[in-house]
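So the structure is just underneath, and the comments pick up after that.
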Amino acid sequence: MEHIRCHQAFDRIAEDFADEADDFLGTSRKEPLFPIEIWNIYDRTVTNIPRSNKSIEGWHNTFARRVAIVHPSNTKLTEKIRREQSKFEVDIAQIPQGQEPKPKKLKYRKLDERIKRLVDDYSNVNL
């Protein structure tokens, strides 16, 4: 849900809980350690922006395997970075020529579609 409505939704849920739940929820709400805008992914889902940084982690793991040295010298690391840059430049040059980027695996595409449908249908739900 939109970060603006998170507090309102929490209050509605807390009202419906039995008094025994106060031990878990408490009687007042503290401000979260991190602002809701930082961790709420509703807006990212609506605008089709990745919800996590897993693609970056994947690139980092791939790059680490390509370097294949735990503590490379500056020279070796610079050479690996230049090769990686060259690969990206080739990929970028292929996009205007109609080359499609590598698609996500089917299971992740289906998961993204399901999540997107849930978010799109959310506007029909009355909290």
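Computed FRET efficiency, Cβ-Cβ of Glu15 and Asn53, R0 35 Å: what is it to the nearest 0.05?
The formula returns an efficiency of 0.45 here.
Tell me the mean residue ellipticity at 222 nm calculated for the chain from its helices only (DSSP H runs of n ≥ 4, each -39500 (n - 2.57), averaged over every residue, nearest 500).
Mean residue ellipticity, 222 nm, calculated: -19000 deg cm²/dmol.
For Glu100 paired with Thr78, estimate the spin-label separation in nm (one decimal), with each label point 7 Å from Cα along the Cα-to-Cβ line.
Result: 4.1 nm between the two label points.
Using the Kirkwood formula over every pair of different C-alpha atoms, what hydrodynamic radius in Å results for the chain?
19.4 Å
Express the relative contact order of the chain as a whole percentage, based on alpha carbon pairs under 8 Å and six or more residues apart in sequence.
37 percent
Give me a comma-separated list of calculated 3J(HN,Hα) values for segment 112-118, in order, Karplus coefficients 6.51, -1.76, 1.60 applied at θ = phi - 60°, integers in Hz, x for any Gly or Pro.
Result, rounded to whole Hz: 4, 5, 5, 5, 4, 4, 4.
Give me the net charge of Asn61's neighbourhood, meaning all other residues with Cβ under 15 Å from the Cβ of Asn61; Lys, Arg count +1, Asp, Glu -1.
+2
How high is the FRET efficiency between Leu111 and Ile69 when r is their beta carbon distance and R₀ equals 41 Å, given to the nearest 0.05?
According to the calculation, E is roughly 0.70.
Might you report the magnitude of the Cβ-based charge dipole of the chain about its Cα centre, with Lys and Arg at +1 and Asp and Glu at -1, to the nearest 20 debye?
1360 debye
Each value in this text was obtained by applying a stated rule to the coordinates, not by laboratory testing. None of these values were measured; they are calculated from a predicted model. All Cβ positions, glycine included, derive from the backbone under ideal geometry; neighbour counts span all protein chains shown.
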